[in-house]
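Please read the structure below before turning to the comments.
The numbers here are math on the coordinates, done by the rules we state, and not lab data. What you see is a predicted model; the values in this text were computed from it and never measured. Cβ coordinates were reconstructed from backbone atoms using ideal geometry, including for glycine residues, and neighbour counts include every protein chain displayed.
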Amino acid sequence: MASELNLFPLGVATGAAHCNRTVEQADLKRNILAGDHTWLWGRRRMGKTSLIEQVTKDLAQSRRNVTTATIDLLVVHDAEDFAARLRAAVERLSAQFVPRNRKSGGKLAEAFSTLKPQFSFSAMGLAVKLAAPAQVVQGVAELLQGLDRAAALHSRRALVVLDEFQQLSQLQSGTQRSLEGAVRHAVERAQNVTYIFAGSQRHLLASMFEDEDRPLYRLCRKMTLERIGGADYRDFLRQASARWPSPITNAAIDLILAVTARHPYYVNALCARLWGGKRPPSPAAVKAAWVRIVDEDKRLAANRLLRLPPSQRALLKAIALAAGGVRHPASLEFLAPLRLPTSTGNRAKEALEQEDFIRQEDDGHWTLVDPVMADYLREIVPK
Ligand SMILES: Nc1ncnc2c1ncn2[C@@H]1O[C@H](COP(=O)(O)OP(=O)(O)OP(=O)(O)O)[C@@H](O)[C@H]1O
Ligand SMILES: [Mg+2]
């Protein structure tokens with residue numbers, strides 16, 4: 001059984017710590033097995049990696065012929081670095097296609113013939129080494145096509161997850177478009193490899209996949225990861241409170257979900273503190289723990305705020321202060337007290353939305369995405 005702290009990890013949540021996402025899990029599984037490539041957008045810390053890991057773990061258990069490699073582009077700084085990490089991932093993946101007791105890389109030699117593969121054998125199994133190609137961009141396409149051939153020859157399905165994929169369009173080297181082209185070339189032809197492109201910067205990702213003049217246009221299914229539903233979280237928290245002799249009250253659960261705005265990272269940060277106690281937390285204990293979290297994290301929020309132009313900061317502050325959010329944040333009525341002309345206010349609203357500072361709730365109201373930032377702004381503004 002998972003310990004109560006493991007039920008609320010600050011890192012990837014899988015297994016007993018994974019709440020709901022049943023529809024998304026089923027969709028993603030189907031796409032992976034059908035070879036339907038997917039681009040997955042979700043705001044920062046909304047649960048993209050947890051969803052992908054949960055699905056790949058389940059697939060590894062139920063269908064042993066799906067093998068996964070993940071490359072996080074957040075730590076990649078240029079085309080050469082991308083190619084090197086991709087090569088390492090393809091080497092690891094393709095080695096896993098070969099049964100443990102096999103002492104030859106025969107089919108891999110055929111699949112990767114242009115990349116001069118070298119094989120070594122140890123107690124750990126087979127290790128594959130592929131040559132770095134002279135041409136980086138062309139090498140990326142060759143690597144991915146070689147992987148597809150290798151998977152086909154072994155009757156396997158490979159899953160390549162490119163996390164924070166929008167970073168590819170931000171690389172230093174000036175070869176971004178041709179890299180996107182190389183990826184497209186391989187993705188279009190893939191028979192035995194499925195690709196997941198995940199990321200949090202919506203406008204960058206959307207322009208990579210939805211602009212007609214970009215190489216990756218219309219290549220993938222789109223999937224959006226929203227917050228976990230209130231009813232699902234309530235069930236999950238109630239079940240998690242089975243460890244106490246008396247259940248947690250609805251009032252305490254509602255307060256947890258309200259202060260965190262159902263942001264999965266903050267739900268976990270808060271519950272990890274509350275679930276350590278001998279009794280279920282009261283609403284007062286929830287509030288006290290949340291105040292401490294805001295206090296600890298507000299420096300980060302302040303740093304992000306400092307980088308905003310004054311008009312955006314003013315608008316954000318006003319939205320944070322409006323209880324229940326704001327229906328029309330770019331209206332004359334809302335902007336006049338802020339001394340912002342409507343054109344400036346409109347631009348500020350669009351920029352805040354694009355950078356995911358604000359979001360529109362199902363009821364139409366605009367609210368802040370980050371609950372700590374919202375409470376920090378409420379705290380520093382004189383009432
Ligand atoms: N389905 C879930 N159930 C419970 N907690 C979750 C779930 N998904 C994510 N979380 C929690 O939310 C936080 C963020 O999760 P995760 O790292 O998967 O998100 P992400 O979108 O990949 O984040 P990043 O933008 O930093 O890459 C973590 O604390 C994780 O434990
Ligand atoms: Mg992630």
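Students often check this: by mean Cβ neighbours within 10 Å, which of 362-370, 40-48, 194-202 ranks highest, and how do the rest follow? It would help to have the intermediate numbers written out before the result.
On the way: 362-370: 16.3, 40-48: 20.9, 194-202: 23.2.
Those peptides, ordered most packed to least, come out 194-202, 40-48, 362-370.
Among Ile358, Leu340, Met373, whose Cα projects farthest towards the positive end of the dipole of region 308-383, with charges put on the beta-carbon of Lys, Arg (+1) and Asp, Glu (-1)?
Value computed over the given set: Leu340.
Could you size up the charge dipole of region 66-205 around its Cα centre, putting +1 on the beta carbon of Lys and Arg and -1 on that of Asp and Glu, and report it in debye to the nearest 20?
About 640 debye.
Name the residue from Ala269, Ile71, Pro309 whose Cα lies farthest towards the positive end of the charge dipole of the chain, charges +1 on Cβ of Lys and Arg and -1 on Cβ of Asp and Glu.
Ala269
Pairing the Cα long axis of helix 250-259 with the longest principal axis of the chain, what angle in degrees results, from 0 to 90 and rounded to the nearest 10?
Approximately 70 degrees, to the nearest 10.
Per residue of the chain, what 222 nm ellipticity follows from adding -39500 (n - 2.57) for every DSSP H run with n ≥ 4, rounded to the nearest 500? Write out the running numbers ahead of the final one.
Details: 15 runs with 189 residues, N = 383.
Here the helix-only value at 222 nm equals -15500 deg cm²/dmol.
Straight-line reach from Lys129: which aspartates and glutamates have Cα under 15 Å away, leaving out those fewer than 8 places along the same chain?
Qualifying aspartates and glutamates at Cα under 15 Å: Glu91, Glu110, Glu142.
Of all GluC sites (Glu not before Pro) in region 154-215, which ones are in loop regions per DSSP and have a Cβ with at most 11 other Cβ atoms within 10 Å? Provide the component values of the computation, followed by the final result.
Values: sites: Glu164, Glu180, Glu188, Glu210, Glu212; in loops: Glu164, Glu212.
Passing sites in region 154-215 are Glu212.
Which order, highest average first, do 331-342, 73-84 follow once you tally other Cβ atoms within 10 Å for each residue and take the mean per peptide? Don't jump to the answer; show the numbers that get you there.
Working: 331-342: 14.3, 73-84: 17.5.
By packing density, highest mean first, the sequence is 73-84, 331-342.
Put +1 on the Cβ of every Lys and Arg and -1 on every Asp and Glu Cβ in the chain; which of Val98, Ser113, Leu216 then has its Cα farthest towards the positive end of the dipole?
Selected residue: Val98.
Kindly state, to the nearest 0.05, the FRET efficiency for Ser282 paired with Ala26, given R0 = 41 Å and r defined as their beta-carbon distance.
For Ser282 and Ala26, the calculated efficiency is 0.65.
With the Cα gyration tensor of region 229-298 in hand, give its eigenvalues times 5 under a square root as the equivalent ellipsoid semi-axes, listed largest first in whole angstrom. Show your work: numbers first, answer last.
Values: eigenvalues 65, 40, 19 Å².
The equivalent ellipsoid of region 229-298 has semi-axes of 18, 14, 10 Å.
To the nearest 10 degrees, how steeply does helix 283-306 sit against the main Cα axis of the chain, on a 0 to 90 scale?
70
Using per-residue counts of other Cβ atoms within 10 Å, averaged over each peptide, order 53-60, 283-290 from highest down. Present the calculation step by step, with values, prior to reporting the outcome.
On the way: 53-60: 18.8, 283-290: 17.0.
Ranked by mean Cβ neighbours within 10 Å, highest first: 53-60, 283-290.
Rounded to the nearest 0.05, what FRET efficiency do Ser207 and Arg238 have when you use their Cβ-Cβ distance and R0 = 41 Å?
Details: r = 42 Å, r/R0 = 1.02.
Using R0 = 41 Å, I get an efficiency of 0.45.
In degrees from 0 to 90, rounded to the nearest 10, what is the angle of the helix 176-189 Cα long axis to the longest principal axis of the chain?
60
Only four residue types carry charge here, +1 at the Cβ of Lys and Arg and -1 at the Cβ of Asp and Glu. Report the dipole size of the chain about the Cα centre in Debye, rounded to the nearest 20. Numbers along the way, then the final one.
Numbers: 53 positive and 40 negative charges, 195 e Å.
Using Cβ point charges on Lys, Arg, Asp and Glu, the chain gives about 940 debye.
Give the distance, in whole Å, between the Cα centre of region 71-149 and the Cα centre of region 175-208.
19
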